[in-house]
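Peer 1: Structure below; questions to follow.
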Amino acid sequence: MVEYSVNAARRLLVPATRSHVLWRGITAPHGQRTRLFDIDIDDTTVAAASATWISAARQKRKLRAVFANAHVVVEMADRAGYRAVVATADRIYADGSGLAVAARLAGHPLMDNVNGTDLFPRLVADAKAAGVKIFLLGARPGIAASAQQRMTAFGLGGAVVGSHHGYFAPGSADEDAAIAAANASGADILLVALGVPLQDEWIAKNAHRLDASVTVGVGGLFDFFAGSVTRAPHAMRVIGCEWLWRLALEPRRMAHRYLVGNARFLMLAMAEAVRIRVRDLASQRQPAGLAVRAADQV
Ligand code: UDP
């Protein structure tokens, strides 16, 4: 049995409170789409996203999902091929405070921070209750397996039926073996942790070979649940600064992503906010203009 501290378990299993400065809060209606950065983001909650995946899995309906965070938006701006992969996903979720800030600036605040790390504990619980199977593909050798063991230690075992590491070359026998393992497990939901942008591109490219109904890229999720990377304390997550924690833990790897990337993201978010606010103003004016014209004609 894998050891875990109560504090580590709390950080992983209990979602941080959502700040109302960043997020709109949970209101009806659910699942409407908000267009931001030219992609349609599901305005939904962690709980509803998990329920959507479980229902797709039970109905054997294909569903490819993307967690769109600031890093994803910057990559989309740089690479048209990646933009197309994200834009054509069946579900796109707003992941992290960057997206909350962008949505607020544009005047269309989003409901909830729908990120993989908060979603995972709920998903495994929902999947177990529904008899849905999950496979973990990605991260360094041993990490996904230890994430699976740790979920069992947390009392959340059962739904994860297998795992495979994520270090293989495209078109290699190792890649074939990873796909064969996921398919042989009978998993309905395939979580792929290869990092942005590779994971989403890999899922789109290999979709025809993947038996799972639901496929989604989940970044560093397995590292968090294996305990090889510690998740930020709740207080930092509430104020939207989880990225600062990750930068402090891995400054070399994260410096470019968060320092250069976040500055670029902010520029993109401001430009997008201006574009959306101008569009909203124009559409508010139009009906009044039409009404005047109609009155003139009477
Ligand atoms: N990874 C992988 N194969 C690769 C490159 C990366 O399995 O070829 C894994 C890596 O070990 C890590 C995850 O992909 O577990 C990416 O994590 P990162 O922290 O970059 O993701 P984030 O959540 O920040 O997007």
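The values are calculated or read from the model by the stated rules, or taken from the named source; none is laboratory data. None of the values given here were measured: they were computed from a predicted structure. Ideal geometry is used to build each Cβ from the backbone, glycine not excepted, and the neighbour counts take in all protein chains shown.
Peer 1: When both residues are 6+ apart or on different chains and their Cβ atoms are under 9 Å apart, which pairs have a first residue that lies in segment 175-199 and is in contact (Cβ under 8 Å) with a residue 60 or more places away in the chain, and a second that is within 10 Å of the ligand (Cβ to nearest atom) and in a loop (DSSP other than H, G, I, E, B)?
Peer 2: Sorted first by the residue in segment 175-199, then by its partner, the pairs are LEU191/VAL218; VAL196/ASN69; VAL196/GLY219; GLN199/GLY166; GLN199/VAL218; GLN199/GLY219.
Peer 1: Among MET267, MET236, which is more than 17 Å from the chain's Cα centre (by Cα), exposed (fewer than 14 other Cβ atoms within 10 Å of the Cβ) and either modelled with pLDDT of 95 or more or part of a helix (DSSP H, G or I) (or both)?
Peer 2: MET267
Peer 1: Condition (residue is crowded, with 19+ Cβ neighbours inside 10 Å and without any contact (Cβ under 8 Å) to a residue 24 or more places away in the chain) applied to segment 125-148: is it met by at least one residue?
Peer 2: yes
Peer 1: Another question, if that's okay. Which count do you get for residues in segment 207-240 that are within 15 Å of the ligand (Cβ to nearest atom), of a type in the set (A, V, I, L, M) and touching a strand residue (DSSP E or B) at 6+ places or on another chain (Cβ under 6 Å)?
Peer 2: Selection size over segment 207-240: 3.
Peer 1: On to the next question. Filter segment 52-69 down to the residues that are touching a Lys or Arg at 6+ places or on another chain (Cβ under 9 Å) and either closer than 23 Å to VAL101 by Cα or of a type outside the set (Ser, Thr, Tyr) (or both) and list them by number.
Peer 2: Scanning segment 52-69 gives TRP53, ALA56, ALA57, LEU63, ARG64, ALA65, VAL66.
Peer 1: Which of the residues that make up segment 6-50 are assigned to a loop (DSSP other than H, G, I, E, B) and among the charged types (D, E, K, R)?
Peer 2: Those that are assigned to a loop (DSSP other than H, G, I, E, B) and among the charged types (D, E, K, R): ARG18, ARG24, ASP38.
Peer 1: Output the number of residues of segment 177-203 satisfying the condition of being in a helix (DSSP H, G or I) and within 16 Å of the ligand (Cβ to nearest atom).
Peer 2: Of the residues in segment 177-203, 11 are in a helix (DSSP H, G or I) and within 16 Å of the ligand (Cβ to nearest atom).
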